[in-house]
1. What number goes with the only condition from (1) assigned to a strand (DSSP E or B); (2) more than 39 Å from the chain's Cα centre (by Cα); (3) of a type in the set (Lys, Arg) that Arg315 does not pass?
2. Of (1) open to solvent by 50 Å² or more (accessible area, probe 1.4 Å); (2) within 30 Å of Ala418 (Cα to Cα); (3) assigned to a strand (DSSP E or B), Asp466 satisfies all except one. Which?
3. Just to be sure, is Asp394 over 24 Å from Asp466 (Cβ atoms) and of a type outside the set (A, V, I, L, M, F, W, C)?
4. Determine which single condition Glu436 fails, assuming it passes every other condition in (1) surrounded by 15 or more Cβ atoms within 10 Å (Cβ to Cβ); (2) within 24 Å of the chain's Cα centre (by Cα).
5. Here are some conditions: (1) in contact (Cβ under 8 Å) with a residue 24 or more places away in the chain; (2) not in a helix (DSSP H, G or I). Ala426 meets all but one. Which one does it not meet?
6. Identify all residues within region 330-369 that are of a type in the set (Lys, Arg), under 30 Å from Gly45 (Cβ atoms) and without any contact (Cβ under 8 Å) to a residue 24 or more places away in the chain; write none if there are none.
7. Which of the numbered conditions does Glu100 fail, given that it passes all the others? Conditions: (1) closer than 18 Å to Leu271 by Cβ; (2) surrounded by 15 or more Cβ atoms within 10 Å (Cβ to Cβ).
8. For region 714-735, which residues satisfy the criterion of being among the aliphatic types (A, V, I, L, M) and more than 19 Å from Pro755 (Cβ to Cβ)?
Amino acid sequence: MMRSPIVVSLICAWLVLACGAAGASRGCDGSVAVTSFRMSVQPAGAAANTALPIRHVNNLAAGTRISYRPVDLPADMRKDAKLTLVLVPKAADGQVTVLEPKLAAAPADWQIPFATRIAVLVFAPQGLDEKRLTNLVTKDDALVASLADYADETADLEAGLEVANDLSQADDDITTVRANTPAEQALFALVRALNPAVSSYDPLGVGRRTGPATLMGQGAAAFFENAGGLVPGGGVLPMVKTWLLPIQPDPDSMTLCAKVQARSRNKLAYLWAYRLVDGKPPALAEVKDADLPLGMRTGVPVKLDDPSAWRPVSRIFDWSLVPESGSAQAVRVSVVPVPEERALRLDLRKFSGAPGAYRIQGKWDWDTVKVAGTVRLHQMDDLKTARLTPESQDRLIAGTGPVQVDLTGADFLFVDHAWLHRPNNARQLPADLPAERSGASAQLRVEVDTDGLRAGPYLLALSRIDGATTDMPLRVLPAVPRVDGTGPRVNVGQAGQRVTFTGSGLDRWEKLDSDRADITLQPAGEDGSRRDATVRLHTDAKPGDRLAVLAKVEGMAAAVRFPGVLQVAAARPRIREAKASVAGDLPVSARDGEVPAGSWVSYALRVDPGGSGASVTVQCADPAATVQPLKLRVGEKQTNAQLVGAGGDTLFLSLDPGAAGQSGCTLTAVMEIEELGKSDPFTLGKVVRLPRIESFAMTDEKSPDGFYGVLKGFDLDTIEKTGWTNAAGLAVADLPRPVTGEGARQTLRIAMPWPSPTPRAPLFVWLRGETDGRVTKVSP
């Protein structure tokens, strides 16, 4: 019998899901949609509602029913289009069987006669010659082998493009091809692996646009341009350009896509091969409990008892997450096995469940596959609430080397990077996250190397695995204040005493506390090296105690302890009494409380405590009036002063007051014992410079009020007025005149009223600035 001039071409096709309502098939990127339909599988004797789409079935047992339902069949195919199934049996000695062809325009069912390992859908838009098809698949051994290879390639390409599509969803607006994106590399590697004959072909081009702008469109172009096909009697031909593009499967319908064909008298028949896994589901065991972020795609590491079982894992479908609480229903989730990462990639971007602990499960045919272990889903927190713990801020001190600081106030579970930078400065400084984290996710420990950092404000940048970044303000502190030496001494028995701390950074002290003293800080100096304070000891403070001080330091939350910086000593030395002994032969008498300069004055000092270890310092209360301080230890003699111990609590002090202070100076004495400190100043008297009058003679020279007289002596310049009583006096008009050859001796011409009250009336003189006259021991 002669062959008809019309040659039947079997064209490799791909079945893909149509999205949307029935009858409105999804377009085929880089190809054309031939028809859309539903094809489901129902076990023998099972209820109709248990049917599964054929793409989800891994085992076709004898007696299984396969149902076909048209969804969107073009009008020009409704009369002649037919379809059938070619089954390759599971048994090695079984015969390839062609099932009864059915009209594509009407629903159809087939009963599977034997356990099947490969099912091939044959769709013939212009009708199907069952006899020829049967002869072809039963007599051409190479065709059966090619069908098996084609089914494997179909599964590989579908899985690869699904991964590529998954990657491309992160950037759906790609318009310019960049040869280094993960999705593009995956597509290129996939095409080369499936068809080595075209390994030199770059489906994406180098730096140029190729075909549709989307990654799926690029995959379609590569699929159609680099294919092998099947023709009757021709075996596998390397360059029949009839590849098709798979699209994300839908639970129901599938779309048959094919390359646009030129007009031909050949009858076309489209093939789609499906290899059954024909086995039990792979045993998945989660490596360990995992924490996953909602709103992202993320991988969950898993292990398989048999590592080669990763291929069947891709056949698990209808993945879901089951709450461990058991109070809520399972939530569907998109899962993509990633064998090279030994992980399941979960798409949680649109997950409708709540945060919490879940178990992963999927479907293998009509059985449930449960993955051992738990995944905990977390809502990623707003890192803007993050802050440093007060203790960590206190540790962040410039120049102290690596410092562990703790963060709180947010969920840091998914923080993957941290660095330090100055405000308005992009330069990144190291901040290390721990290699292994433990403890609550609401805390995070970060290591900051403070060597080389300057004190001042910084920002700690935290980056999350989704790319979100926040800047958390912190401060690198200067060195902690330091107190030099043993600190100041404080004495018991004082209502309040002024002390001075010395050291560095003391200007940062804001408050000082002690358990046995009240401390009031005084304003700080400019350089922070000295700080005065008033200390009031409590009654329980005893001599010999060394009191610790807690300082509130600017910029630090916790008080800084300074141990033993206040030394408690016994009561300070005290001068209880000073009895003065002034020379009695002075021409001009000294008044009470006055000590004459130019002559020695002795004091009997009553002191507490007594002893030989004391010293006495004599000086003016007004430093400006001091000639020089006179400091003497007990038993010491100087040119103008000496200090002698008289036993018990008495000291004898002798000095010329004029050697210590000027006239008008209030002379004070301070007793000091090294281990007890200094006494309060004790007033010894007011230094006064008295004239030393040696003689007084009246002359016969008349003055306006009487006669003139002449005084002879020393320090006569101190006299302002003279008279016979202390009630009234006449001003001295002349200046003293030195006596030639007699050193500091002077003469002074004075006016005196006449006559005198009595023949030997004493002279009264007024010192400068005084209102009352002083009686002298001289008379004319």
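The values are calculated or read from the model by the stated rules, or taken from the named source; none is laboratory data. No experiment lies behind these values; they were computed from the predicted model shown. Neighbour counts are summed over all protein chains in view; Cβ atoms, including those assigned to glycine, are modelled from backbone coordinates with ideal geometry. Side chains included, ligands, DNA and RNA excluded: accessible areas come from the protein's heavy atoms. Shrake-Rupley method; radii C 1.70, N 1.55, O 1.52, S 1.80 Å.
1. Unmet for Arg315, out of (1) assigned to a strand (DSSP E or B); (2) more than 39 Å from the chain's Cα centre (by Cα); (3) of a type in the set (Lys, Arg): (1).
2. (3)
3. Yes: the conditions hold for Asp394.
4. All conditions are met except number (1).
5. (1)
6. Arg332
7. Result: Glu100 fails condition (2) only.
8. Leu716, Ile719, Ala731, Val732, Ala733, Leu735, listed by residue number.
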